[in-house]
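The values are calculated or read from the model by the stated rules, or taken from the named source; none is laboratory data. Just so you know, these numbers come straight off a predicted model, no measurement behind them. Here Cβ is always computed from backbone atoms with ideal geometry, including for glycine, and neighbour counts include all displayed protein chains.
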Amino acid sequence: MDINELIRQIEIKESELEKKYHRVLPRNEYLNDRWEKAERLGFSKGANIYDTSYVFGDVKVGEKTWIGPFTLLDGTGGLEIGAYCNISSGVQIYTHSSLDWVITRGNAEYVHSKTEIGDCVYIGSQCVIDKGVKIGNHSVIGANSYVNKSFPDYSIIAGTPAKLIGTIEISEGVPRYKFIK
């Protein structure tokens, strides 16, 4: 296929998606299938990940998890993300730190620690999650938060550094959000 045919194919796909979903993506996204990329990475059934996402090391992702554009998943220390999660645009999740290595002119090693995100977790855009953090099931992390400690199931957290700002109760499939005053 020559370049003109490739451009024509992209334009056709672009037009179809714009009509169907009212969205226009960067052209590289039309060349790749998010579900195929997730499958190639060994993620669970129905997970998807944008072409602009970076994945390093050992990353495990549960079924039906959506990983948005411009995300970074560092699995060099082991990263597990549960099922039915939403990892919004620009989220960075780390499992290592080079701080000790840098301040000792390379005399200290990188520090690695497994990071775990439970099932049914919503992570708002532009969040940074530090190494070794564990986020419980059915939790929400507000946009632009820096998470440097662990939180239990049903937590609503936000801020820099993140703190518990509320809890979630689910009754008959309907969530209720209770905020700390």
Taking only the range 76-106 into account, find how many residues are within 17 Å of residue 148 (Cα to Cα) and polar (S, T, N, Q). 4
So how many residues does the range 25-37 have that are of a type in the set (A, V, I, L, M) and over 16 Å from residue 70 (Cβ atoms)? 1
Scan the range 118-164 for residues that are touching a strand residue (DSSP E or B) at 6+ places or on another chain (Cβ under 8 Å) and of a type in the set (Asp, Glu) and jot them down. 130
Mind counting the residues in the range 12-25 that are closer than 18 Å to residue 51 by Cβ and loosely packed, with under 11 Cβ neighbours inside 10 Å? 2
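Conditions tested, residue by residue: (1) assigned to a loop (DSSP other than H, G, I, E, B); (2) of a type in the set (Ser, Thr, Tyr); (3) buried (at least 16 other Cβ atoms within 10 Å of the Cβ); (4) out of contact with any Pro (no Cβ under 7 Å at 6 or more places or on another chain).
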{"residue": "109", "(1), (2), (3), (4)": "yes, no, no, yes"}
{"residue": "116", "(1), (2), (3), (4)": "no, no, yes, yes"}
{"residue": "120", "(1), (2), (3), (4)": "yes, no, yes, yes"}
{"residue": "144", "(1), (2), (3), (4)": "yes, no, no, yes"}
{"residue": "149", "(1), (2), (3), (4)": "yes, no, no, yes"}
Among the residues of the range 78-97, are any among the acidic types (Asp, Glu) and either surrounded by 15 or more Cβ atoms within 10 Å (Cβ to Cβ) or at pLDDT below 95 (or both)? yes
Test: residue in the range 79-87 that is farther than 17 Å from residue 34 by Cβ, small (Gly, Ala, Ser) and in contact with a Phe, Trp or Tyr (Cβ under 7 Å, 6 or more places away or on another chain): no
State the number of residues belonging to the range 82-104 that are part of a strand (DSSP E or B) and more than 19 Å from residue 126 (Cβ to Cβ). 2
Go over the candidates 164, 79 one by one and state the one that is under 30 Å from residue 23 (Cβ atoms) and either touching a residue at least 24 places away in the same chain (Cβ under 8 Å) or assigned to a strand (DSSP E or B) (or both). 79
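So that you can scan it fast, the table gives a plain yes or no per residue for (1) under 16 Å from residue 88 (Cα atoms); (2) touching an Asp or Glu at 6+ places or on another chain (Cβ under 9 Å):
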{"residue": "3", "(1), (2)": "no, no"}
{"residue": "10", "(1), (2)": "no, no"}
{"residue": "14", "(1), (2)": "no, no"}
{"residue": "23", "(1), (2)": "no, no"}
{"residue": "34", "(1), (2)": "yes, yes"}
{"residue": "45", "(1), (2)": "no, yes"}
{"residue": "53", "(1), (2)": "yes, no"}
Subset of the range 1-49 [more than 22 Å from residue 63 (Cβ to Cβ) and either in contact with a His (Cβ under 9 Å, 6 or more places away or on another chain) or aliphatic (A, V, I, L, M) (or both)]: 1, 3, 6, 7, 10, 12, 17, 24, 25, 31
